[in-house]
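> What follows is a single structure, and I will ask about it in a moment.
The values are calculated or read from the model by the stated rules, or taken from the named source; none is laboratory data. These numbers come from a predicted model, not from an experiment. Glycine also receives a Cβ, built like all others from the backbone with ideal geometry; neighbour counts cover every protein chain displayed.
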Amino acid sequence: MHISKHLAILFTLLTLFVPRTLLAQNVSSTDTVSVHSMRGTFYSDRFVGRKTSSGEIFSQNKYTAAHHTYKFGTLLLVTNPKNGKQVIVRINDRCPKANVLDMTSKAAKQIGVQSHTVHVQVLPPRHYSVWKNQHELLDILSQGRMLEYLKSSVSEPSKPTLPQDQFEDDEKTLYDLELFSAANRSVAKTKLVHLPFAYQDKVVFRDNAASGGVTILLQLSMTKNRIKKSKLELQSMFPELKIIPSK
């Protein structure tokens, strides 16, 4: 009996002196700089079809997760430190356990997590479209290069300036960019993983009947001055790039 009392007192004292960050992690949903470590887990299938705390219906086939304090809608870049693989999840549920990120099985499998430590960083809300279309960026995520990709493509990098009178701008003539030619569409898609996200919905595959290959175009329909600026932005990624008249 006396031993039980002593243990109870010892536990109370330990609780008082253990840092609060070890008992609960009150992380900010707006801090996009800090990287937090927490336990990464994934949902049981028994939750499929049930309502999450946000009111959404839970599905294992989405890139979503539950956390104790992050606001609903917060985007998180989750990295598995064991293999460097990444996934972007959106918070739509509450996890009763502090310092735990409970992901869908789809998100957890993408980075090879069952139940171990992951590194988490908040992404700004402007990257919502990247989260939604991340299935197109699996190569970048598997290589752990998502932050590098976002910095170079979605944010506004400094661009070379051009003298206003360097080119005659004919408003009646519009231009596109021809990025490169490839043996087939599979090869072309591999090269396109480096294309900035803002341009991805402009991609056109043009089959070449003579060679059997494919030519990749960006249908921008821009004037000469504007297309020159886009060329300068993309030239280092696609050295074969050239300006062509729009059809």
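> Which one of Ile140, Ile111 is of a type in the set (Val, Ile, Thr) and touching a Lys or Arg at 6+ places or on another chain (Cβ under 7 Å)?
Unique residue meeting the criteria: Ile111.
> Which one of these does Asn61 not meet: (1) polar (S, T, N, Q); (2) closer than 29 Å to Thr190 by Cβ; (3) surrounded by 14 or more Cβ atoms within 10 Å (Cβ to Cβ)?
(3)
> With closer than 17 Å to His127 by Cα and without any contact (Cβ under 8 Å) to a residue 24 or more places away in the chain as the only criterion, which of Phe47, Phe72 stands out?
Phe72
> Kindly indicate whether any position in the stretch 40-47 is within 19 Å of the chain's Cα centre (by Cα) and surrounded by fewer than 18 Cβ atoms within 10 Å (Cβ to Cβ).
no
> Additional query: For the list (1) surrounded by 14 or more Cβ atoms within 10 Å (Cβ to Cβ); (2) farther than 19 Å from Ser152 by Cβ, I need the number of the one condition that Leu234 fails.
Just one mismatch for Leu234, condition (2).
> Which condition does Asn26 not pass, out of (1) touching a His at 6+ places or on another chain (Cβ under 9 Å); (2) crowded, with 16+ Cβ neighbours inside 10 Å; (3) at pLDDT below 95, if it passes all the others?
(2) is the only condition that Asn26 fails.
> Follow-up. Is there a residue being modelled with pLDDT of 90 or more, closer than 21 Å to Ser37 by Cβ and out of contact with any Asp or Glu (no Cβ under 9 Å at 6 or more places or on another chain) anywhere in the stretch 125-133?
Scanning the stretch 125-133 turns up no residue that is modelled with pLDDT of 90 or more, closer than 21 Å to Ser37 by Cβ and out of contact with any Asp or Glu (no Cβ under 9 Å at 6 or more places or on another chain).
> Could you grab me the full set of residues in the stretch 179-227 that are β-branched (Val, Ile, Thr) and touching a Phe, Trp or Tyr at 6+ places or on another chain (Cβ under 7 Å)?
Selection gives Val214, Ile216, Ile227.
> Would you call Lys159 within 20 Å of Asn225 (Cα to Cα) and modelled with pLDDT under 90?
When the stated conditions are applied, Lys159 passes them.
> Please verify whether Ala98 is among the hydrophobic types (A, V, I, L, M, F, W, C) and either over 13 Å from Val78 (Cα atoms) or within 13 Å of the chain's Cα centre (by Cα) (or both), treating the condition exactly as stated.
Yes; evaluated as a whole, the condition is true for this residue.
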